[in-house]
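The values are calculated or read from the model by the stated rules, or taken from the named source; none is laboratory data. Source: prediction; values computed, not measured. No Cβ is skipped: glycine too gets one built from the backbone with ideal geometry, and neighbour counts run over all protein chains shown. Please note that ligands, DNA and RNA were not included when accessible areas were found on the heavy atoms of the full protein model with its side chains. Shrake-Rupley method; radii C 1.70, N 1.55, O 1.52, S 1.80 Å.
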Amino acid sequence: MMADMSVSLELRHAALHMSLRPDVGGCIEGLWFQGVPVLRSSAPGTLENVRLSACYPLVPYSNRIAHAQLLWSGTTHPLLKNFGGEAHAIHGVGWQNPWQILQADSSSATLSLEHLPDASWPFAFDALQTFRLKDHAVEVTLCITNQSSGAAPAGLGWHPYFTKREDTCVQFFATRHVGNGRRQIA
């Protein structure tokens, strides 16, 4: 296993360039196509705050857990309020911890996170992110494995920040979505 890096991990393939920061929440620091930012991007090695990244992982849950109180299998688990003055637990723990580099080459990388139960999340899990640059495409995967002795809740996602341009169009297909209420909780 390779050690954590305190600088960016650079991936390149054809016209694509991606900068990863395993040490800053396992985030994407920047993504460029033909030198033009696709996501909000920082110069490689300069990012210090994951919330200013191009994209960061949401694991073991996305969105908010109301009032930092998780009800699971009849038990209430108090969670840490993990984002400033926010009244809820937000976006899991993955974005707030360094990730390990399991594999890296010129155009791909796999990052891992091992979480042991704590006040932020009471269930053990391992998470993997894989990034692959291909001709005119970026492939990213995120998976989680429950390491607790019993069933545990889990959800996954990313928090991307697309660069706004007049000619930019973001499209995706979803089979369903969960909407937020007026208090921004699902």
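Numerical summary
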{"read-out": "Cβ-derived FRET efficiency at R0 25 Å, Ser106 paired with Asn146, nearest 0.05", "value": "0.15"}
{"read-out": "Percent carbon-and-sulfur accessible area, the chain, ignoring ligands, DNA and RNA, probe 1.4 Å", "value": "54 percent"}
{"read-out": "Pairwise label distance in nanometres, Tyr161 with Gln69, each label 7 Å out on the Cα-Cβ vector", "value": "3.3 nm"}
{"read-out": "Cα gyration tensor category, rounded, prolate or oblate, for the range 119-186 with a/c compared to 1.5", "value": "oblate"}
{"read-out": "Low-density loop positions, GluC sites (Glu not before Pro), the range 54-145 - DSSP coil, at most 13 other Cβ in 10 Å", "value": "Glu86"}
{"read-out": "Burial order of peptide ranges 69-81, 88-100 (average beta-carbon count within 10 Å, highest first)", "value": "88-100, 69-81"}
{"read-out": "If the convex hull is drawn through the Cα atoms of the chain, its volume per residue in Å³", "value": "143 Å³"}
{"read-out": "Label-point separation in nm, Val7 to Leu116, each point 7 Å along Cα→Cβ", "value": "3.2 nm"}
{"read-out": "Among beta bridges that DSSP assigns inside the range 1-110, antiparallel share in %, nearest 5", "value": "95 percent"}
{"read-out": "Counting DSSP beta bridges with both ends in the range 35-186, the antiparallel % (nearest 5)", "value": "95 percent"}
{"read-out": "Alpha-carbon centroid distance for the pair the range 133-158 / the range 7-39, whole angstrom", "value": "19 Å"}
